[in-house]
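Trainee: Attaching a single structure in structure tokens format; questions to follow.
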Amino acid sequence: MNHTELTVFILAVALLLALARTLGEIARAIKQPAVVGEILAGVILGPTVFGLLAPGVQSAIFPAIGNGAIALQAISSLSIIMFLLVAGMEVDLKVALSHGRASLVISFFGMLVPFVTGFACASVWPVAFGAEPGTDPTAFAMFLGTALSISALPVIAKTLMDLNMYRSDFGMIIISAAVIGDITGWILFAVIIGMIGAAGPEAFDAHTTMVLTVVFGAFLLTVGRKLLDKALPFVQAYTSWPGGALGFAMAGALLCAAFTSWIGVHAIFGAFIFGVALGESRHLQERTRRTLEGFISFIFAPLFFASAGLKVDFAHHFDLTLTTLVIIISTVGKLAGCGISARLTGFSWSESMAIGVGLNARGAMEIVLALLALQFGLIGERMFVALVVMALFTSVIAGGLISRILRRDAPARLIDFVNGGAFIAELTSDDPREAIVELSAVAARAAGLPAEAIADAVWRREKMMPTGLGKGVATPHARIPGLKTPVVAVGLSREGVEFDSPDGAPAQVVFLTLTPADKMTTQVELLSDIAKNFINDSIRQRAIQSKNFAEFLSVLKTGGD
């Protein structure tokens, strides 16, 4: 690359990362998967929007051919290899095995029904389902079956965590089935790549590739897993920490990726299986895992998903009929396969449908599969857009549908209800009644109710029983008739306010918490979340030292040191 090409390449990566992270954060803020915003960033910077408004500038920054295009493709390929490493580390084989028959049955039929449906539809009506001229019909049918049958383990896990159901028996059944499905889906895709010879003429023949793929996976998940478990303590003991473990993980993933690429399947399969094996090690410390996951999820993953939006003009290639067919067939197949099998294993109909909805979330895995299929010429732009829309749609609706089916809402969390307009960096009074009046004044704007009425309701509750929790925290609160949504006002006091706490310590962080009168559980959940977070000395001390709302919010998001 010459000087100009290098400069433009750096600019392109910066724009992709900045917009992807920004829109990803906005998506999270409105309770949607970050991948929605990251894909949208690519759509905006790609031919769909930027290319329409300024085609010359867009093609100069994000070229389709030449050295710049090759460099962007290399970054995208490295990003997806790293992303699949993290996805593999999320797989817990012990969880999958611990639920035995139920998870195996649900996973098997949850994949079989949509796979057979997709395979049949692609075989009978290949053109209607987006088959391109010259495509191997069997490979295309197998791909569509696989694409309609896989789930997205990271999205499912996050949805269950948001609903506070991750560690329940119900949640573990869904996770177990998703683990088995993830592994099966990627093996199927590896076979499809071998069938179409996507690795190039220098690769092994299809039969040899399939055999080597199975042998590689079996070795890494048995003998290889034990070797990694023995090697990791030495890496952590004799190298800098966590740098040594991070380097070991990334180098191992790249070596396995190179091997699977060499034998004729995609490099991501090697990284994924290595991630599964590494994640099983009891010596892999949680801090190392989270550091690696955070770096890849917030840097590499946004680059990959944003670059996916650069590939296609979404407006031009959006086919409403095809997209609707894909969404209906994939959803009906997954709900039928998972729902009926879950019912047969002893779950109620409502639980069975909720399991089907949970496993119907396709998320990032579907988009990865679609983009690779597009690159290999297995599908065209119409089907790519349809699969991306289906993946985002099923991920967005999963949490809300599970809540409705089970009549269960996600627990209220403090961070969702604090805002800068209801924050006081320094309370002027050390009297609890006056402090409540101060906080009621700022809470009134968010609540849309008179400040005096709020202060009176909170003070009446305070006189019934003091709300000082101890350790410098107090939670004056009340349930307010006519309030639509919870409101939390926060006040800091360097000197402290006497809220009659059990340990006698004055409150330096005061949370005035207002909840709707008809939602008692919401109040309990918010107070519980406050207590759970601020029992941590580091969080509490950093919060007290906050000079403005941005610093306070940063403490809530990042936690203790």
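Each reported figure results from applying straightforward, stated rules to the coordinates on display, with no laboratory input. Here the structure is a predicted model, which means the values were calculated and not measured. Here Cβ is always computed from backbone atoms with ideal geometry, including for glycine, and neighbour counts include all displayed protein chains.
Trainee: Counting C-alpha atoms alone, how compact is segment 305-423: give Rg to one decimal and Dmax as a whole number, in angstrom.
Mentor: 17.8, 55
Trainee: Could you give each residue of segment 262-271 its phi-based ³J(HN,Hα) in whole Hz, using Karplus coefficients 6.51, -1.76, 1.60 with θ = phi - 60°, and x for Gly or Pro?
Mentor: Those phi angles translate into 5, 7, x, 10, 6, 4, 5, 5, x, 5 Hz.
Trainee: On the Cα set of segment 414-558, report Rg and Dmax in Å, please.
Mentor: Reported Rg and Dmax, both Å: 13.5, 37.
Trainee: Of all beta bridges DSSP finds with both residues in the chain, what is the antiparallel percent, to the nearest 5? Provide the component values of the computation, followed by the final result.
Mentor: Working: 9 of 17 bridges.
Percentage antiparallel, nearest 5: 55.
Trainee: Before rounding to the nearest 500, sum -39500 (n - 2.57) across all DSSP H runs of length at least 4 in the chain and divide by the residue total; then give [θ] at 222 nm in deg cm²/dmol.
Mentor: Details: 26 runs with 380 residues, N = 561.
Dividing the helical sum by the residues of the chain leaves -22000 deg cm²/dmol.
Trainee: What does the charge add up to near Ala18, with Lys and Arg as +1, Asp and Glu as -1, over the other residues with Cβ less than 13 Å from its Cβ? Write down the numbers at each step before the final one.
Mentor: On the way: positive: Arg21; negative: Glu25, Glu38.
Net charge around Ala18: -1.
Trainee: Roughly what percent of Cα-Cα pairs across the chain reach past 35 Å? Kindly include the intermediate steps, with their values, before the conclusion.
Mentor: Values: 71180 of 157080 pairs.
Tail fraction, whole percent: 45.
Trainee: Put a dot 7 Å past each Cα toward the Cβ at Arg494 and Asn67; how far apart are the dots in nm?
Mentor: With each label point 7 Å from Cα toward Cβ, the separation is 5.7 nm.
Trainee: Tell me, Val43, Val214 in order of fewest to most beta-carbon neighbours within 10 Å? Show your work: numbers first, answer last.
Mentor: Values: Val43 22, Val214 13.
Ranked by crowding around the Cβ, least crowded first: Val214, Val43.
Trainee: Still on this structure: Output needed: percent of Cα pairs per 10 Å distance bin for segment 260-374, bins running from 0 to the one holding the longest distance.
Mentor: Whole-percent P(r) values from 0 Å outward: 11, 26, 31, 28, 5, 0.
Trainee: Also, I was wondering about something else. Would you work out the relative contact order for the chain, in percent, from Cα pairs under 8 angstrom that are 6 or more residues apart?
Mentor: Details: 942 pairs, mean separation 89.9, N = 561.
Computed value for the chain: 16 percent relative contact order.
Trainee: Set the Förster distance to 25 Å, then compute FRET efficiency between Ala74 and Ala18 from the Cβ-Cβ distance, nearest 0.05. Spell out each step's value before the answer.
Mentor: On the way: r = 20 Å, r/R0 = 0.79.
The pair Ala74/Ala18 has a calculated efficiency of 0.80.
Trainee: Which one of Ala435, Phe189, Leu40 is farthest out on the positive end of the charge dipole of the chain, using unit charges on Cβ (Lys, Arg +1; Asp, Glu -1) and the Cα centre as origin?
Mentor: Phe189
Trainee: Quick check: residue separation of Asp313 and Asp518 times 0.36 nm, minus the Cα distance between them. What number comes out in nm? Could the numbers behind the result be given before it?
Mentor: Details: separation 205, 0.36 × 205 = 73.80 nm, distance 4.81 nm.
Once the chain is fully extended between Asp313 and Asp518, it gains 69.0 nm.
Trainee: Oh, and also: Set the Förster distance to 45 Å, then compute FRET efficiency between Leu255 and Ala550 from the Cβ-Cβ distance, nearest 0.05. Walk me through the numbers on the way to the answer.
Mentor: Working: r = 43 Å, r/R0 = 0.95.
Taking R0 as 45 Å, the efficiency between Leu255 and Ala550 is 0.60.
Trainee: A further question follows. When only alpha-carbon atoms count, how far does segment 1-151 stretch along each of its three principal axes, as whole angstroms with the largest first?
Mentor: If we take the Cα atoms of segment 1-151, the spans are 59, 40, 32 Å.
Trainee: I've got another one for you. Can you work out the FRET efficiency for the pair His207 and Asp537, with r the C-beta to C-beta distance and R0 = 56 Å, to the nearest 0.05?
Mentor: In this case the efficiency is close to 0.35.
Trainee: Give me the extension gain from Phe234 to Glu426: residue separation times 0.36 nm, minus the current Cα-Cα distance, reported in nm with one decimal. Don't skip to the answer; put the middle values down first.
Mentor: Values: separation 192, 0.36 × 192 = 69.12 nm, distance 5.03 nm.
Length gained, Phe234 through Glu426: 64.1 nm.
Trainee: Given 4 °C and 1.567 mPa s, how large is the Stokes-Einstein diffusion coefficient of segment 504-561 in µm²/s, with Rh as the Kirkwood radius over Cα pairs? Intermediate results must be reported in sequence, preceding the final value.
Mentor: Details: Rh = 12.6 Å.
Answer, rounded: 103 µm²/s.
Trainee: From the phi of every residue in segment 332-346, what ³J(HN,Hα) in whole Hz does the Karplus formula 6.51 cos²θ - 1.76 cosθ + 1.60 yield, where θ is phi - 60° and glycine or proline is x?
Mentor: Computed from phi, the couplings for segment 332-346 are 4, x, 5, 5, 5, x, 6, x, 5, 5, 5, 5, 5, 8, x Hz.
Trainee: Just rank Ser76, Ser59, fewest to most, by other beta-carbon atoms within 10 angstrom.
Mentor: On the way: Ser76 22, Ser59 14.
Lowest to highest Cβ neighbour count: Ser59, Ser76.
Trainee: Please arrange Val35, Val487 by how many other C-beta atoms lie within 10 Å of their C-beta, fewest to most. Provide the component values of the computation, followed by the final result.
Mentor: Numbers: Val35 28, Val487 25.
Ordered from fewest to most neighbouring Cβ atoms within 10 Å, Val35, Val487 come out as Val487, Val35.
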